[in-house]
1. Within the stretch 35-64, track down each residue that is in contact (Cβ under 8 Å) with a residue 24 or more places away in the chain and among the polar types (S, T, N, Q).
2. Looking at the stretch 76-98, which of the residues that are over 15 Å from Leu214 (Cβ atoms) and more than 17 Å from the chain's Cα centre (by Cα) is surrounded by the most Cβ atoms within 10 Å (Cβ to Cβ)?
3. Hey, can you tell me all the residues within the stretch 215-237 that are in a loop (DSSP other than H, G, I, E, B), modelled with pLDDT of 95 or more and out of contact with any strand residue (DSSP E or B) (no Cβ under 7 Å at 6 or more places or on another chain)?
4. What's the number of the condition Arg280 fails, among (1) in contact with a strand residue (DSSP E or B) (Cβ under 7 Å, 6 or more places away or on another chain); (2) at pLDDT 95 or above; (3) part of a loop (DSSP other than H, G, I, E, B); (4) not aliphatic (A, V, I, L, M)?
5. Just checking, which of Ala181, Ala177 is of a type in the set (Gly, Ala, Ser) and under 16 Å from the mean Cα position of the chain (by Cα)?
6. Is the stretch 116-131 home to any residue that is of a type in the set (Asp, Glu) and either closer than 24 Å to Gly200 by Cβ or in contact with a strand residue (DSSP E or B) (Cβ under 6 Å, 6 or more places away or on another chain) (or both)?
Amino acid sequence: MEKPLTQNIRTDGAPLYLKEYEQAGGYQALRKTITMTPKEVMDLVKDSGLRGRGGAGFPTGMKWSFVPMGDNAPRPKYLVANGDEMEPGTFKDRLLIEAKPHQLIEGMIISAYAIQADISYIFIRGEYTEGAEIIQKAIHEAYEAGYLGKNILGSPFSLEMHVHTSVGRYMCGEETALLNALEGKRATPRSKPPFPQSSGLFGKPTIVNNIETLSCISHIINNGAEWFKKLSLTGEGGTKLYGASGKVKRPGLWELPLGTTLREILEEYAGGMRDGLKLRGLLPGGASTDFLTEEHLDVNMDFTSVGKVGSRMGTGTIIVMDDKTCPVGFVHNLQVFFAQESCGWCTPCREGLPWVEKTLYSIEHGTGQMEDLDILSFHTKYLGPGNTFCPLAPGAMEPLQSALKYYREDFIKHINEKSCPWRS
């Protein structure tokens, strides 16, 4: 099984810095890139079928194609790596930042070449202090080696790269809020259109891609589109970093072919449930995805297949709920987070999420009423897609709406017994 993203990662946990990265074939893709035209690079990424690994799954090459090109295009252009990674249950990008920083840097240089960007930023979660130090050292090495700066490897292409550490808001994971934060403004989402590809950072053309997405780029250049597509078990290209947290025997992170089934991830890699526990449900792609249950374990973990069974693959990092954990308490805990992280920009999210959290608190602590279920159901629609300024509130509603579907009897039992059965 080929594992391009995680191959050559050191077993002692130390970063793979420049000398070792070059010995493993690093920066050969960049050398190949500068012999190609930007369009050839962009077309190769399009043909590979690479879809964004940050959660939305938008085709990467298509996203790049919306950037104005040519001599009359606005300047400067920007490329931004989104390493905010504050989705609860998600911890994949941290591995790539800390273990193979030059893989990310090389992928960013190639991506910047494809869109002819002049300046690039790595926007990293504030708590990732070690990762920020590692990536900063790797950037310094890349400048010293001529991979960054003016006339890279003697070519006409130049690129500057900077690290920006976030102040730590979940909202910064939304690309336009991230751009506002980079500009020194409050991290609130922007109205679209215009989209960042035409008017992004400081009003200039900007591409924002996830860390894992950008880490795939050098491998596509080195090995080709068909190779990348064949790594997958389904029609979507590449491998994927899948994770599992919760009461499984071996929580962790694994690079597997895209389309590996939920069952294989949970039973073979995560080791199944801990002794004495049974699977009750799971969130397949972080906290802002709909619950799936045991009947869904044979679904392929790719963007299309998970969508067909009523959820989203999201980040591919699974949160497992066991049969000794209260579904109401589980969902309430998530809503506490989402209500706290709302930027307050739009009324439905600012007012609705705290109302949902308080309603769930009442049910969990024995003071809920049967009418509360209708209130919660109303909010899953009122805060759903198209009713808020950005996807934060709709994402928060996904675990709630599916919990009301699969675990409704648990909600009713809380109300009827005026207590949480798991607390007694």
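The values are calculated or read from the model by the stated rules, or taken from the named source; none is laboratory data. Just so you know, these numbers come straight off a predicted model, no measurement behind them. Glycine gets a Cβ as well: all are built from the backbone with ideal geometry, and neighbour counts include every protein chain shown.
1. Ser48, Thr60
2. So the residue we want is Lys77.
3. Correct list: Cys216, Gly224.
4. Of (1) in contact with a strand residue (DSSP E or B) (Cβ under 7 Å, 6 or more places away or on another chain); (2) at pLDDT 95 or above; (3) part of a loop (DSSP other than H, G, I, E, B); (4) not aliphatic (A, V, I, L, M), only one is false for Arg280: (3).
5. Ala177
6. Initially, the stretch 116-131 is screened for residues of a type in the set (Asp, Glu), giving 118, 127, 130.
Add one more test, that the residue is either closer than 24 Å to Gly200 by Cβ or in contact with a strand residue (DSSP E or B) (Cβ under 6 Å, 6 or more places away or on another chain) (or both), and what stays is 118.
For the stretch 116-131, residues of a type in the set (Asp, Glu) and either closer than 24 Å to Gly200 by Cβ or in contact with a strand residue (DSSP E or B) (Cβ under 6 Å, 6 or more places away or on another chain) (or both): present.
One line per residue, one yes/no per condition, for (1) farther than 30 Å from Ser191 by Cα; (2) not aliphatic (A, V, I, L, M):
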| position | (1), (2) |
| --- | --- |
| Ser305 | yes, yes |
| Lys308 | no, yes |
| Ser311 | no, yes |
| Thr317 | no, yes |
| Gly344 | no, yes |
| Val356 | no, no |
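The rows are residues; the columns are (1) buried (at least 16 other Cβ atoms within 10 Å of the Cβ); (2) of a type in the set (S, T, N, Q); (3) touching a helix residue (DSSP H, G or I) at 6+ places or on another chain (Cβ under 6 Å); (4) at pLDDT below 95.
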{"residue": "Val320", "(1), (2), (3), (4)": "yes, no, no, no"}
{"residue": "Gly329", "(1), (2), (3), (4)": "yes, no, yes, no"}
{"residue": "Ser342", "(1), (2), (3), (4)": "yes, yes, yes, yes"}
{"residue": "Asp372", "(1), (2), (3), (4)": "yes, no, yes, no"}
{"residue": "Gly386", "(1), (2), (3), (4)": "no, no, no, yes"}
{"residue": "Cys390", "(1), (2), (3), (4)": "yes, no, no, yes"}
